[in-house]
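As C-alpha cells, the structure follows; a few thoughts come after it.
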Amino acid sequence: MNKIINTIMGSNNFIITSHYSPDGDNLGSSIGLYYALKSMKKEALFVLDDNLPANLDFLYKDIKIYKSEEINTEDYVLISLDCGDKDRLCCSDTIKSEASLTINIDHHTSNDLYADLNYVDDKASSTCEVVYEMLMKIDKNIIDKKIANCLYTGLITDTGNFMYSNTNPSSFEMACELLKKGIDKQDIIQSIYQNNPLNYVKILGESLNTLNVVKDKIATIELTTQMFKNNNITFNDVDGFVNYARDINGVEVGILFKQKKSNQIKISLRSKSYVNVSEIAKVFGGGGHVRASGCTINDSLENAKKTLIEEVIKHI
Ligand code: 5GP
Ligand code: MN
C-alpha cells in the first residue's frame with residue numbers, strides 16, 4: 001500500500017480501469033479514485049469499454065468515461081480496480097501493455113497479482129473499502145461528499161446493504177465516516193434499488209419462471225437472449241436476480257445463467273454459508289469471492305447448465 005501511495009504521489013498521469021459488466025463497486029471505486037486524483041491536481045482518465053448500468057448513472061453522469069480507442073495518452077500509470085485478472089480488464093491490450101507502470105487494487109480472493117504493484121485485501125468488503133483506506137492514509141480530508149457518494153455505493157452493493165459475511169466492523173466505521181460527509185443514503189438506495197424500469201420486473205418474472213431446484217440445495221434461474229430482446233433490457237441491467245435463487249429456504253448455491261450470445265453463457269454463482277463458489281468459478285476460468293463469483297462458458301445454454309451443475313454437485 002505504501003509503495004502504491006508513493007507512486008501515486010510521485011506521478012501525474014493516470015488511466016483508471018476496471019472489469020467487464022460494471023457494478024457498484026467497480027464504478028464506485030474507479031470514479032471515487034478518479035475524483036481524488038483530480039483533487040490532487042493530477043491528470044486522470046477513466047476507461048471502460050462496456051455498457052454502463054442505468055441505475056448507477058448518478059455516479060457517472062458528470063464525468064466522461066472514455067473508450068479505449070479515444071485514448072492516445074503516453075507515459076501513464078494504469079490503475080486497475082476491483083479486477084482479479086488482466087484478461088477481465090475492460091480496456092484495450094494496447095492500454096494494458098503500454099503503461100509505464102501498472103497498479104492493481106482489489107479484494108477478490110482469486111486475484112492473480114498481475115500488475116507491477118499489487119494491493120489485494122480479500123478480507124475487505126469491497127474495493128471501495130480498500131480505496132477508502134488508501135485515501136485516508138494519503139490525506140484524511142481528501143474525501144469530500146462526491147467521493148463519499150461513490151465509495152458508499154460500492155460498500156453497500158458489495159455487502160448487500162451490510163447483509164453479507166464480508167461486512168466487517170471496518171465497513172460500518174467507513175459507512176459512519178462517509179455519512180458524516182453529508183451524503184444522502186436514501187437517495188443512493190432509491191437510485192440503485194427503487195428505480196427499476198417496469199420491464200426489469202417483467203424480465204425478472206420470466207427468469208423466475210425458469211427456476212429449477214437440484215438436490216434441494218442448488219437453485220438455478222436463466223435469462224435468454226430472447227428474454228432480453230422481448231423486454232428491451234440490456235445485459236448489464238439485471239443485477240441481483242441470482243439472489244432470488246440463493247435465498248430459497250434450504251438452498252446453499254444460487255446460480256444465474258445469462259445467455260449473452262447463443263453459445264456464450266455468463267454465470268453468476270452465490271452461496272449462503274459453506275460452499276466456496278470462487279473455487280467452482282475457477283474450474284471454468286472465472287473467479288470472484290467465496291460467496292459470490294462468476295465465469296463464462298462458451299457453449300449452448302443446455303450444455304453450460306449441465307456442465308456447471310455437475311461441478312456444483314461435487315461441492316454441496
Ligand atoms: P457477478 O455474478 O455479479 O457478475 O459477479 C460476482 C463476483 O464474481 C464479482 O466480484 C465479479 O467481479 C466476479 N466475477 C464475475 N464473473 C467473473 C469472471 O468471469 N472472472 C472472474 N475472475 N471473476 C468474475
Ligand atoms: Mn468488488
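The values are calculated or read from the model by the stated rules, or taken from the named source; none is laboratory data. Please read all numbers here as calculations on a predicted model, not as lab measurements. Cβ coordinates were reconstructed from backbone atoms using ideal geometry, including for glycine residues, and neighbour counts include every protein chain displayed.
Filter segment 2-23 down to residues that are surrounded by fewer than 21 Cβ atoms within 10 Å (Cβ to Cβ) and in a loop (DSSP other than H, G, I, E, B) and give me whichever is nearest to ligand 2 (Cβ to nearest atom).
ASP23
When you go through LYS202, LYS181 one by one, which is the residue that is surrounded by 15 or more Cβ atoms within 10 Å (Cβ to Cβ), in a loop (DSSP other than H, G, I, E, B) and out of contact with any strand residue (DSSP E or B) (no Cβ under 9 Å at 6 or more places or on another chain)?
LYS181
Contact list please: Cβ distance under 6 Å, first residue in segment 88-113 and assigned by TED's automatic domain parsing to the domain that holds PRO22 and closer than 24 Å to GLY10 by Cα, second residue part of a helix (DSSP H, G or I) and of a type in the set (Val, Ile, Thr), pairs at least six apart or on different chains.
Between residues of segment 88-113 that are assigned by TED's automatic domain parsing to the domain that holds PRO22 and closer than 24 Å to GLY10 by Cα and residues that are part of a helix (DSSP H, G or I) and of a type in the set (Val, Ile, Thr), the close pairs are ILE103/ILE4; ILE105/VAL130; ASP106/THR127.
Which residue is surrounded by the most Cβ atoms within 10 Å (Cβ to Cβ), if the candidates are limited to segment 92-114 and must be part of a strand (DSSP E or B) and either of a type outside the set (D, E, K, R) or away from ligand 1 (no atom under 16 Å from the Cβ) (or both)?
Applying the filter and picking the extreme gives ILE105.
Check ASN236, ASN263, ASN230 and return the single one that is more than 22 Å from ASN166 (Cβ to Cβ) and within 16 Å of ligand 2 (Cβ to nearest atom).
It is ASN236.
Condition (residue is outside the structural domain of GLY286 (by TED's automatic domain parsing), of a type outside the set (Ser, Thr, Tyr), in contact with a helix residue (DSSP H, G or I) (Cβ under 6 Å, 6 or more places away or on another chain) and surrounded by 15 or more Cβ atoms within 10 Å (Cβ to Cβ)) applied to segment 236-244: is it met by at least one residue?
No, there is no match, as no residue in segment 236-244 is outside the structural domain of GLY286 (by TED's automatic domain parsing), of a type outside the set (Ser, Thr, Tyr), in contact with a helix residue (DSSP H, G or I) (Cβ under 6 Å, 6 or more places away or on another chain) and surrounded by 15 or more Cβ atoms within 10 Å (Cβ to Cβ).
Name the one entry in CYS176, CYS128 that is without any contact (Cβ under 8 Å) to a residue 40 or more places away in the chain and more than 16 Å from ASP239 (Cα to Cα).
Answer to the selection: CYS176.
Which one is surrounded by the most Cβ atoms within 10 Å (Cβ to Cβ) among residues in segment 55-91 that are assigned to a helix (DSSP H, G or I) and away from ligand 1 (no atom under 16 Å from the Cβ)?
So, considering only residues that are assigned to a helix (DSSP H, G or I) and away from ligand 1 (no atom under 16 Å from the Cβ), the one surrounded by the most Cβ atoms within 10 Å (Cβ to Cβ) is LEU59.
Just to be sure, is GLN186 under 21 Å from the mean Cα position of the chain (by Cα) and over 26 Å from ILE309 (Cα atoms)?
no
Answer yes or no as to whether ILE189 is more than 21 Å from ILE265 (Cβ to Cβ) and in a helix (DSSP H, G or I).
When the stated conditions are applied, ILE189 passes them.
Among the listed residues ILE156, ILE233, ILE192, which satisfies the condition of being in contact with a Gly (Cβ under 9 Å, 6 or more places away or on another chain), more than 24 Å from SER273 (Cβ to Cβ) and in contact (Cβ under 8 Å) with a residue 24 or more places away in the chain?
ILE192
Please enumerate the residues belonging to segment 24-54 that are surrounded by fewer than 20 Cβ atoms within 10 Å (Cβ to Cβ), touching a residue at least 40 places away in the same chain (Cβ under 8 Å) and in contact with a Ser or Thr (Cβ under 9 Å, 6 or more places away or on another chain).
Residues satisfying the conditions are ASP49, ASP50, ASN51, ALA54.
Provide a single number: the residues in segment 119-176 that are in contact with a strand residue (DSSP E or B) (Cβ under 6 Å, 6 or more places away or on another chain) and not β-branched (Val, Ile, Thr).
Counting residues in segment 119-176 that are in contact with a strand residue (DSSP E or B) (Cβ under 6 Å, 6 or more places away or on another chain) and not β-branched (Val, Ile, Thr) gives 1.
What number of residues in segment 125-141 are touching a Phe, Trp or Tyr at 6+ places or on another chain (Cβ under 9 Å) and hydrophobic (A, V, I, L, M, F, W, C)?
3
Being touching an Asp or Glu at 6+ places or on another chain (Cβ under 8 Å) and within 16 Å of ligand 1 (Cβ to nearest atom) is the filter here, so list the residues in segment 1-36 that pass it.
Within segment 1-36, SER18, HIS19, TYR20, SER21, PRO22, ASP23, GLY24, ASP25, ASN26, SER29, SER30 meet the criteria.
Output the number of residues of segment 117-165 satisfying the condition of being touching a helix residue (DSSP H, G or I) at 6+ places or on another chain (Cβ under 7 Å), assigned to a loop (DSSP other than H, G, I, E, B) and either within 14 Å of ligand 2 (Cβ to nearest atom) or outside the structural domain of SER30 (by TED's automatic domain parsing) (or both).
Matching residues across segment 117-165 total 4.
Starting from residues that are buried (at least 21 other Cβ atoms within 10 Å of the Cβ) and within 27 Å of LYS229 (Cβ to Cβ), keep the ones in segment 262-280 and report whichever is farthest from ligand 1 (Cβ to nearest atom).
ILE265
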